[in-house]
Amino acid sequence: MRIDIITVLPELLKSPFEASILKRAIEKNLVEVHLHNLRDYSSGNYKQVDDYQFGGGAGMVLMVEPIDKCISQLKSERDYDEVIYMTPDGDTLNQGTSNEISLKKNLIILCGHYKGVDQRVRDLFVTREISIGDYVLSGGELAAAVLCDAIIRLLPGVLNDETSALTDTFQDNLLAPPVYTRPSNYKGTKVPDILLSGDFPKIEKWREEKALERTQEKRPDLLK
Ligand code: 6GU
């Protein structure tokens, strides 16, 4: 997979890809992530990428021309499966969408800022609009990092234990069951006996029951 991220704040997006699982995925060549500073595609001496909105009103709008230039440049180099625009009025990201996007080869992710982008960007270039929840962030960068994490960890070979993404919370519309590690008795609070029993069919059944119980209690909406 290759991900090209277009942003006015590339610095904000560097560190998530320089640590832990995402870093390792890049080092193993399972994914390439390229950051593009929108300002590099602006014309004129002032490197302008945003402007006031027609009709008046507070807040700046990202201009269509620099975004067109950047996307056109990328598209001249390879075919893209999706141009994803990160915006609070997009479709809310969930595990199903993450699974689907993780199967794509080349993605462009455009980070919104200020009041967003000129509507013509959305009409002309964007194939999918994604939000990460019903709250407003200062820009699409942190949301893009969330999306990238959600999809990259699903790529084959990224997680050490290949089965571990399959047992994630949400992967079967259930929350994950409780987990424990040593010590088996911490100041009198004990790990459930069944987990120490070595009876794996029974442990599996216990985990399924607990997952269902937890989902019923915390997220009954997932069971509908
Ligand atoms: Cl994708 N962008 C911004 N600016 N705020 C958000 C968001 C995206 N998703 C939730 N809030």
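Please compute the modelled spin-label separation between HIS34 and ILE21, points set 7 Å along Cα→Cβ, answer in nm with one decimal.
For the pair ILE21/HIS34, the computed spacing is 2.6 nm.
Could you compute how much accessible surface LYS69 exposes when probed at 1.4 Å, giving the result in Å² to the nearest 10?
80
Considering the Cα positions of segment 172-223, please state its Rg to one decimal place and its Dmax as a whole number of Å.
Cα radius of gyration and Dmax of segment 172-223 are 12.6, 36 Å respectively.
Calculate the length of the line joining the C-alpha centroid of segment 20-49 to that of segment 202-224, in whole Å.
40
About the Cα centre of segment 34-78, how large is the charge dipole given +1 on each Lys and Arg Cβ and -1 on each Asp and Glu Cβ? Please answer in debye to the nearest 20.
The dipole magnitude comes to about 140 debye.
Taking just the alpha-carbon atoms of segment 129-211, what radius of gyration and Dmax come out, in angstrom?
Spelled out, the Cα radius of gyration and Dmax of segment 129-211 are 17.7, 50 Å.
Of LYS47/LYS105; LYS69/LYS115; LYS190/LYS210; LYS23/LYS218; LYS75/LYS105, which ones are farther than 23 Å apart at the Cα?
Check vs 23 Å cut-off fails for LYS47/LYS105; LYS23/LYS218.
What accessible area, in Å² to the nearest ten, does a 1.4 Å probe give for GLU65?
90
Given N residues in the chain, what is Rg(Cα) / (2.2 N^0.38 Å)?
1.26
For SER42, SER138, give me the order by solvent-accessible area with a 1.4 Å probe, most accessible first, ignoring ligands, DNA and RNA.
If we order SER42, SER138 from most to least accessible, we get SER138, SER42.
Give me the three principal axis extents of segment 26-146 from the C-alpha atoms, as integers in angstrom, largest value leading.
Computed over segment 26-146, the largest-to-smallest principal extents equal 44, 34, 25 Å.
Could you order PHE54, PHE17 so the one with the most accessible surface comes first? Probe is 1.4 Å.
PHE54, PHE17
So if R0 is 45 Å, what FRET efficiency would LEU195 and LYS75 give, r being the distance between their Cβ atoms, rounded to the nearest 0.05?
0.30
Which FRET efficiency, nearest 0.05, do GLU11 and THR181 yield, Cβ-Cβ r, R0 30 Å?
Efficiency computed from Cβ-Cβ geometry: 0.25.
The values are calculated or read from the model by the stated rules, or taken from the named source; none is laboratory data. Quick caveat: nothing in here was measured; it's all calculated off a predicted structure. Cβ coordinates were reconstructed from backbone atoms using ideal geometry, including for glycine residues, and neighbour counts include every protein chain displayed. With ligands, DNA and RNA removed, areas are computed over all heavy atoms of the protein, side chains included. Shrake-Rupley method; radii C 1.70, N 1.55, O 1.52, S 1.80 Å.
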